[in-house]
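Working notes, structure below.
Coordinate-derived values only; no laboratory data. None of these values were measured; they are calculated from a predicted model. Heads up, the Cβs are rebuilt from the backbone with ideal geometry, glycines too, and the neighbour counts pull from every protein chain shown.
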Amino acid sequence: MQGKITKVINMKPIELLGLIEESSGTKLYEVKRTNAIKLMVKKEQKLNEINNVLVEEIEPTLIKLRKEREEYNKFVANNEEIEKYGKMEISYKYLVAKNMMVEKEEQIEEESNEYKALENDIKNIEKEIISYTKEKEKLIKETSVVSEPMKLLLNEKEETEKKILQLKCSLKIEKKENEKEKKKKEQTKNEIKRIEQKLYDYENTDEKNNKNLKAYEEIKKKLQLLKNDLTDKQNTINCLMGAGTSIVPIGFDQTSNSNSSTTGVHGIIQPTGSFREQLKNYKSSLSRTETLINNLLQNSKHFEKEIISLKDEKKKHEKESNEIRKEKEAEEKKKNICEKELEKLNEKYNNFEDMNLLQQEKYKTTNELNMLTQEIQIMKNVINSIKVEYKIPNHIKPGDVFGQIYELIKIKKDYANTALAIHLVVGHKLSYILVHNKEDSKSLFEYNNFSKHSKRVTLLPLDDCIISRDLNERHIQECRTSIGLNSNDNSNVMYFLDIMEYEHKLEKLVKYLFNGTIICSNVELCKKITFNANKRLAFPTITLEGDKFDASGSMSGGSCKNINLFLLHYEKYQMKKLEYIEKEAKLKEINEKLDILEKADDQRKQYKKELQIVINNLENIANRFETSKYGNICKKIEQYTEDIEKGRNELNALYEEQKQLTVMIKKIEKDLSEYENNKDKKEEDLKEAVKNLKNKIKKLEKEKKKKKDEIDDVLLQIENYKKQMEKENNDIDTADEIIKESEIKITELEQNIVTESEKLKELELKMIEHQTNYSSFEKEIKEMVLKIEDLECKKKENMLYLKKMENSLADLKKDFKAASDTAKYLSRTYVWLETSENLLSKEQNTPFDLKNFKYDVIQKKIQSLQNEQNKLSININRKAVQMFEQVQTDYKDLVTKKAQVEEDKKKIQEVIADLDVKKNESLLAMFQQINEYFQAIFSTLLNNAQAKLSIVDGEMSNGIEMKVFTGGGGIPV
C-alpha cells in the first residue's frame, strides 16, 4: 500500500488527471469523440475531393462551354440578322422604286394639269392685253388736245417705265436662276462630301479591303524580289558558261543588253561578258576614277590658295566697304520707318478701301440731294398756290392759331384710294386758316389786313363750327346693317373719322369738313344709304370714283381728271423734306469722314514718296558695292567657294564609285577563284536555285492572281467614286462660271435699272411742271400701262415656266421608267417579294419594318455582321449548347453532394462539442468528490497538516496537482 501511495504522490498532473478520468468513467466519451473525429476527417477529405473536381475540372469546363455557347448563339443570331437585313435592303429598294413610280405618276398628272391650266392662263392674259391695249389707244386718242411737249414726255416716260419693268422682270428671272444654280452647286458640294466619305471608308476604314490590298502589294514586292534574284542567278550561269551576259552589281541599273558595255548609276562603265573581261574593265574604271579624284584634289587646293590671297587683298578695301555699309544701314533705317508709318496708316484706315466707297457715296448722295431739291421746289410751287402767309398778333396765344387745314389733317395710308372722294367733299376748305374762336379770327384778319390780300383768305373759328348733320360710329354700323353688310365692314362703307389722321381736339373740324358724308365703295351702296326709307339713316354719300349723292335727291358725277389731290401732294412734300434732311446729314457725315481720310491719304503719299527715294538710294548703294573692288573680290571668293563645294560633292560621288568598283573587283576575283576550284558543283547549285526560284515565282503568280480577283471589285468601286467625284467637280466649275456670268448680268441689270430710274425721275420732274391740270388723266394712262406691263411680265414668266414644265415632265417620265424597270427587275430576281408586297407598305409588326430604314447604316451593319461571322466561324463549337447543359447538370449534382457533406460535417462537430461538455461535467464532479476525500484522509493521517488537489492554471486539460500545507507553510507536491 505504501508503494502505491508513493507512486501516486510522484505522478505528474496529467497522470493524476488520467486516474480521475478512469475513476469517473469518462474514457467512453473519449472513444466516442475519437471515432467522431475520424468520421469528420473522412468527410473533410470527401469535401476537398468535391472542391478539387469543381475548381479544377467542372468550373473551367463550364466557363469555356458557356463562352462557346454564347459564341454559337451569337453566330446563329448573326446569320438571322444578316438574312433579315438583306431582305430589308432588297425590300427597301423595291418599295422605294414602287413609291417613286406612284409619286412620279402623280407628279406627271399634276404637272400635266398645271401645264394645261398655264396654257389657258396665257391665252386669257393675251386677251386681257389686247383689251387693255385698245382702251389705252382710246385714251391716247382722247388726249389729242394735250400739248406736244407733254406727249413727248409721256411717250418717253412710258418707254422708260416699260424698259425698267422689263429690266426688273429680267433681273427677277436672273436672280431666280442664280439662286437655283447656287442651290444646285450646294447640292453638288454635299454630293462630293458624301462621295469623299465613301471613298475614305473604302480606302481607310474597310478593314477587309485594306487587308487584301496590303496582301496584294506584299505579294507583288516578293514576286519582284524573286524575279530579280532569278535574273541574277541566270546571268551568273550565263557568265560561267561564257555567254557574255552581264552581271548587274548592286547599285547599278541595267538599261541595255548590248555586249559591249552599259553605264551605271554614277556614270561608271558597267562591263559585260565573262568574269575575266568584267574584271579587266572594272580595273580600268577604277584607274580612271582615281585619276579624277587626284585632279579634283589638286583643283581644290588651288582654289583654297586663291581664296586666301583674295581675303588678304579684301582687307585693304574694308574702309571703303564700311562706308558703303553705313550708308546702307542708314537708308534701311529710313526705309523701315517709312514702311512702319505706312503700315500704321493702312491698318488704321483699312488700306483706304473705304475712301473710294465714300467718294462714290458722296457723289451719289449729292446727286440725290440735287434731285430732291428740284422735286421739293416744284412741289413747293404747287403748295404755294393755296398757302397763305400770316403773322400772329402778340395778344393771341400761338396755340390758338392752328394753321391751314391741309396742314392739320392727313389720309391714312390704308385708305389712300379714298383721296379723290375726300378732295371732292372737302374741296376748297383745305386752304382755310383754323383759329380757336371768333375773337382770334377777327384779330388775325385785321392784323394781317387780309381784306387787301391778293388771294381769297377764309378764317374758320373751331368753337363756332356748325355741323348740320352729325354722324357717329353707331349710325355707321346701323347703315351697314340696313344694307345687308357686316356692322364692322369698313372696306365698303367708310366712316370719315376712321380714314383720317388728326389730333383729338380737331375731331369737330373733321366732322365739319365732311358734314355727315359717308364714303362707299360703289354706286349701289351709295344709293341704298342716301335714299334709305328710314330718314334717320339717310346720309349724303360719295363713291371712290367721285359720284356724289344727297338725301335731297341731287347727284353729281363725271370726269375728275383735273382734280388736284392736294393732301397726297402735301404728304409727299413732307416726306421729301424729311428725306432731304436725312440725306443732308448723311452727306455731312460722309464729308467729315472723307476729310479725315484725305488728310491721312496725303500723309500716305508723302511716306510713299520718301520710301521710293530710299529704295532708289539703296539700289544705287548696291550697285556701288557690286562695282567696287571690295565687291568684286567678294564675288570671286563666293565663286571659288562654290567651286570647292561642287568639287567636294563630285569627290564624294567618286569615292563612292571607287568603293563600289573595289567591292566588285574583289567579288569577281572571289567568284573566279571559287568557280575554278569547284566549277561543276557551282553550276549545279545555281541551276537548282534557279529551279526553286521559278517554282516560288509560279506559286506567287497564282496567289497574286487570286488576290487580284478579290480586290478588283474594290478597285473598280474606288475608281468609279473617283470618276463620279471628278464629274461633280466639273459640275461645280460649270456652276461657278454660270453663277459668275449671272452675277455680272445681275449687276449690269441693276446698273441699267438705276440709270433708267434716274432718267425716269428727270422725266417726272419735267412732267410735274406740266401735269397740274392733267394729273388724274395721267394716272389713268399710267395705271393702264402698268396693267399691260404687268400682264406682259406675267405672260413672259408663264412662258418661261411653261418651258421649264416641259423639261420637268420629260425628266419625270424618265424617272418613272427607271423606277418601273428597277421594280420589275427586283420582282423577277427575288420571287418572295410578290408574297410579301402587301407587308412592305406597313411600318410596324411585320418582318419589313422600314419606318426608320437607313440604307448606309444597314449596309455597314451587314458588313460588320459578316466580318464578325468570319471571326466566329474559325473556332465555332456547334455542340456547345448540349455539352454545356450536360456539364451544368454534373455541376449541380456535385454542388448538392458538397452541401450534404458540409451538413454532415456540421452535425459531427456538434456531437464532438456535446461529448466534450458531458465529459467535463462528469470529470469536474468526480474531481470535487475525490478532493474532499483526499483532504479528510490527509488531515487524519498527519496532525497539523493539510492537503488538497488543485487544477493546474485553472484549466482541467492542463492536469491536477497535489498541494500539502504544514505548520511552516504550504509546499506543493
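Couplings 3J(HN,Hα) of the range 904-909, computed from phi: 4, 4, 4, 5, 4, 4 Hz, in residue order, whole Hz [Karplus 6.51 cos²θ - 1.76 cosθ + 1.60, θ = phi - 60°; x for Gly and Pro].
Annotation: amide H of Lys410 within the under-5 Å range of Glu501, sequence separation 5 or more or interchain, hydrogens built in the peptide plane.
With the Cα gyration tensor of the range 67-126 giving a ≥ b ≥ c as the square roots of its eigenvalues, does the rule (a/c under 1.5 for rounded; else a/b larger than b/c for prolate; else oblate) give rounded, prolate or oblate? Cα axes put the range 67-126 in the prolate bin.
Within the range 510-583, all pairs of alpha-carbon atoms sorted by distance into 10 Å bins from zero give the percentages 18, 35, 24, 15, 7, 1.
For the range 403-561, what is the Kirkwood hydrodynamic radius in Å, using each pair of distinct C-alpha atoms?
Mean inverse Cα-Cα distance, inverted, gives 16.8 Å.
Give the calculated FRET efficiency between Thr291 and Lys722 to the nearest 0.05, with a Förster radius of 51 Å applied to their Cβ-Cβ distance. Rounded to the nearest 0.05, the efficiency is 0.40. Extension gain for the segment Lys175 to Asn384, taken as residue separation times 0.36 nm less the Cα-Cα distance, is 70.7 nm to one decimal.
Given a cut-off of under 8 Å on Cα pairs at least six residues apart, what relative contact order in percent is computed for the range 406-509? For the range 406-509, the relative contact order is 35 percent. Given a Förster distance of 60 Å, report the FRET efficiency between Asp890 and Asn99 from their Cβ-Cβ distance, rounded to the nearest 0.05. E between Asp890 and Asn99, to the nearest 0.05, is 0.55. Legend: residue pairs Lys455/Lys586; Lys577/Lys759; Lys221/Lys283, Cα-Cα distance threshold 30 Å; pairs beyond threshold, Lys455/Lys586; Lys221/Lys283. A convex hull fitted to the Cα coordinates of the range 361-428 yields 181 cubic angstrom per residue.
Taking a straight line from the alpha carbon of Lys740, these aspartates and glutamates sit under 16 Å away, with near neighbours fewer than eight places off in the same chain left out: Glu174, Glu177, Glu179, Glu181, Glu186, Asp731, Glu748, Glu750.
Annotation: extensible slack from Lys87 through Asn752 equals 233.2 nm (criterion: 0.36 nm per residue apart, minus Cα-Cα distance). With the simple model of a label 7 Å out from the Cα in the direction of the Cβ, Ala585 to Glu137 spans 5.3 nm.
Rounded, prolate or oblate: which fits the range 267-383 when a ≥ b ≥ c are the square roots of the eigenvalues of the alpha-carbon gyration tensor, with rounded for a/c under 1.5 and prolate only if a/b beats b/c? Before the final figure, lay out each step's value.
Working: a/c = 9.62, a/b = 2.46, b/c = 3.92.
Oblate.
Between Asp811 and Tyr933, 0.36 nm times their residue separation minus their Cα-Cα distance comes to what?
This chain segment gains 30.9 nm when fully extended.
How much space per residue, in cubic angstrom, does the convex hull of the C-alpha atoms of the range 556-693 take up?
Numbers: hull volume 62.0 nm³, N = 138.
Given the Cα convex hull of the range 556-693, per-residue volume reads 449 Å³.
Checking the cross-link pairs Lys138/Lys576; Lys180/Lys794; Lys727/Lys814; Lys162/Lys183; Lys576/Lys794 against a 26 Å limit on the alpha carbon distance flags Lys138/Lys576; Lys162/Lys183; Lys576/Lys794 as lying beyond it.
For the listed residue pairs Lys301/Lys646; Lys412/Lys535; Lys116/Lys817, the alpha carbons are over 19 angstrom apart in Lys412/Lys535; Lys116/Lys817.
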